[in-house]
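**Student:** To start, I am sharing the structure in question, which I have written as structure tokens.
The values are calculated or read from the model by the stated rules, or taken from the named source; none is laboratory data. Predicted model only: the values in this text are computed from it and were never measured. Every residue, glycine among them, receives a Cβ derived from its backbone with ideal geometry; neighbour counts consider all protein chains shown.
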């Protein structure tokens, strides 16, 4: 994972997320696991707000097939974070999100990750083409030349 | 637990808390466990903001000896909740918090709980008198006649 | 909550549960919230093993309407706990479970809690009579005279 | 992340881990986040069992600087998983673990991940050479030619 570190201003969408007491581990910092719950929350909140995800009703669902995160600086409770959300790659039946974790006001990320959704039929679990209205939303989130930093 | 249901306006302190994807369980609603993480977060955030809790340094710590919650109406992700925090009983070495969980703008609680902290020496784990500066903060949070509703 | 402390031998059913790293909080002990996830896990595992809960298919579901826990002694990761499960009260559409948390081999609980399920129609969310096969399972879990300790 | 999929028999150490109710998300399968808590649990349990980690006392601690996971097949509660733990790369002040998630008895992984610890002084947070007794333990966990699969 040699992706460049994207600054806050590079992200087309952001999500405010206050930390919780339970996010801290025995060392007094946000545990590495918690960052992935931030990613889940930011991406799903965005999709629900855009009207392209209804977890209880959808006939197609996004299966998470790969995730990853790099941690650059410690974070703690209490704090309010900004999660940057962008689309790094938009495929026929999949989307790879780039996610940045920022302390409020800071331009450089404290952590940076990604995750990949493959869309499948909710019963057969076989890949399907991204629904057109979802593709329209995701196309507006594509990061500008992320590979060149 | 026959405590009356306190409306939002009865709470001397409130804490905004957005729900997370992981708070929902298989039934599509906030799981009963998550409410207790809201209580932990709201109370500890308040104590830290008031300067009377430094989890890494304190020589006295609040041990949780009892908790409880009643659930009145389902909640879900995504939503932003208001957690009401008040002090129901202030003892020599203990404090019993009353906590309400509210959907934004609503006056009636979706859930109501409590938890009891006993303050102990961080090494010996024996009860100690509440530090005076903590008592001062807690005294301002005491609910008005909570037992009469 | 003045329930007597039930020893391990009083419980008709037990569930082994290893602690996890994330169960510990900043003070190096199992956080008060984690105990409720143990209760959820032990009760649902029991109901699934007995064939009376299929979370994805059931037309009736158990809504949690009240929970509570008292904490007697600290626990930590790593450790393997035994969760005692019994039925304290069996109503027409509800069941109140008594739960004990034990360190391996110990007869006295480190924590003791309860939770109350009200069974409802999964669509209308209105209370229903406990399904007969569920009642049969629960009847075998009723604690013997728990109120007299 | 193009690491080959290692079978259960390739791992020098394994850890049994029962799933929990809260590991399932709204879709009825283990949420992608939960896998990382399995990794934390398996690695830290191993280090504690080997006597080379004492989270409350250590003057050097392992900071997690990168994690990742690929998901091959869905898992659910209730189930008991086997977490395979091996060392993929042993540096001067860092270690990269390879982790496999297996359903009981199955030889092929349901998921596979990694995480990288950099050891630092617990106060200055600057990298330090791995303590010799830790290095001895880790050297015994090195995977055999993992890059060739």
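**Student:** Among the residues of the stretch A:34-52, what is the count of those that are over 14 Å from the mean Cα position of the chain (by Cα) and without any contact (Cβ under 8 Å) to a residue 12 or more places away in the chain?
**Tutor:** Result for the stretch A:34-52: 1.
**Student:** Are any residues in the stretch D:132-149 assigned to a loop (DSSP other than H, G, I, E, B) and modelled with pLDDT under 95, and if so, which ones?
**Tutor:** D:144, D:145, D:149
**Student:** Return the residue satisfying two criteria in turn: it lies in the stretch A:1-54 and is part of a loop (DSSP other than H, G, I, E, B) and within 10 Å of chain D (Cβ to nearest Cβ), and of such residues it is surrounded by the fewest Cβ atoms within 10 Å (Cβ to Cβ).
**Tutor:** A:1
**Student:** Quick one: how many residues across the stretch D:89-101 are more than 13 Å from the chain's Cα centre (by Cα) and assigned to a strand (DSSP E or B)?
**Tutor:** 2
**Student:** Mind checking which residues of the stretch A:41-62 are under 18 Å from residue B:26 (Cα atoms), touching a strand residue (DSSP E or B) at 6+ places or on another chain (Cβ under 7 Å) and at pLDDT 90 or above?
**Tutor:** The answer is A:41, A:45, A:62.
**Student:** Of everything in the stretch C:109-128, what is touching a strand residue (DSSP E or B) at 6+ places or on another chain (Cβ under 8 Å), surrounded by fewer than 21 Cβ atoms within 10 Å (Cβ to Cβ) and assigned to a loop (DSSP other than H, G, I, E, B)? Give them in sequence order.
**Tutor:** Residues satisfying the conditions are C:110, C:122, C:125, C:126, C:128.
**Student:** In addition: Residue by residue through the stretch D:37-65, note down the ones that are touching a helix residue (DSSP H, G or I) at 6+ places or on another chain (Cβ under 6 Å) and within 24 Å of residue D:91 (Cβ to Cβ).
**Tutor:** D:40, D:41, D:44, D:50, D:52, D:53
**Student:** Does the stretch A:61-88 hold any residues that are in a strand (DSSP E or B), away from chain D (no Cβ under 14 Å) and either surrounded by fewer than 16 Cβ atoms within 10 Å (Cβ to Cβ) or over 13 Å from the mean Cα position of the chain (by Cα) (or both), and which are they?
**Tutor:** If the condition is that a residue be in a strand (DSSP E or B), away from chain D (no Cβ under 14 Å) and either surrounded by fewer than 16 Cβ atoms within 10 Å (Cβ to Cβ) or over 13 Å from the mean Cα position of the chain (by Cα) (or both), then A:80, A:81 are the ones that fit.
**Student:** For residue A:57, are the conditions met, namely being in contact (Cβ under 8 Å) with a residue 12 or more places away in the chain, over 14 Å from the mean Cα position of the chain (by Cα) and more than 8 Å from chain D (Cβ to nearest Cβ)?
**Tutor:** In short, no.
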